[in-house]
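This report concerns only the one structure given below.
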Amino acid sequence: MAKSQVTFNKIEKEKKRLKKREEKQKKKEARKAEAKENPKGIQFAYVDFNGNLTDTPPDPTMREKVEAETIEIGVPKKEDRAEEEPTNREGKVSFFDHSKGFGFIIDSATQEKYFVHVSGLLEDIEENNKVTYELERGLKGMNAVRVKKI
């Protein structure tokens, strides 16, 4: 007959499992005893109009009626959105790398920097040129397009 395969580790794991089970049972009994002493039952918490937890229910007269049709789910289609008028802006080319095909334009009015790609150029530009351009939303922010020298 072969020797038992029960190792020290297995015995310790079994002891821990039994100890956990006993602790769980003790906690369950303590909760039952507390419920018998305090027969109020379940305590409720309410959320007021500011989002804070309170023990008083909210006043039904303060309830705000919301029409289901006014709730927008998702992003509106492009046709439904208001069309933005393209405005010509003026700025100065702060940096442009012809080998890589991109650069930056600083707006004259707001001093914001906008990315410009060679595909958005109508004419060749150099650094420090004054240019006019339009803005379009790109993947990482606003991009200058239809750029030409003044």
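The values are calculated or read from the model by the stated rules, or taken from the named source; none is laboratory data. All values derive from a computational prediction rather than experimental measurement. Backbone-built Cβ (ideal geometry, glycine too); neighbour counts: all protein chains shown. Heavy atoms of the whole protein, side chains included, go into the accessibility calculation; ligands, DNA and RNA do not. Shrake-Rupley method; radii C 1.70, N 1.55, O 1.52, S 1.80 Å.
What to note about this one:
- Per-region count, the range 41-61, residues among the aliphatic types (A, V, I, L, M) and at pLDDT below 80: 1
- Restricting attention to the range 70-94 and to residues that are under 30 Å from K130 (Cβ atoms), at pLDDT 85 or above and not polar (S, T, N, Q), the residue that is surrounded by the most Cβ atoms within 10 Å (Cβ to Cβ) turns out to be G91.
- When the range 131-150 is filtered for residues that are open to solvent by 80 Å² or more (accessible area, probe 1.4 Å) and of a type in the set (A, V, I, L, M, F, W, C), the ones remaining, listed by number, are L139, I150.
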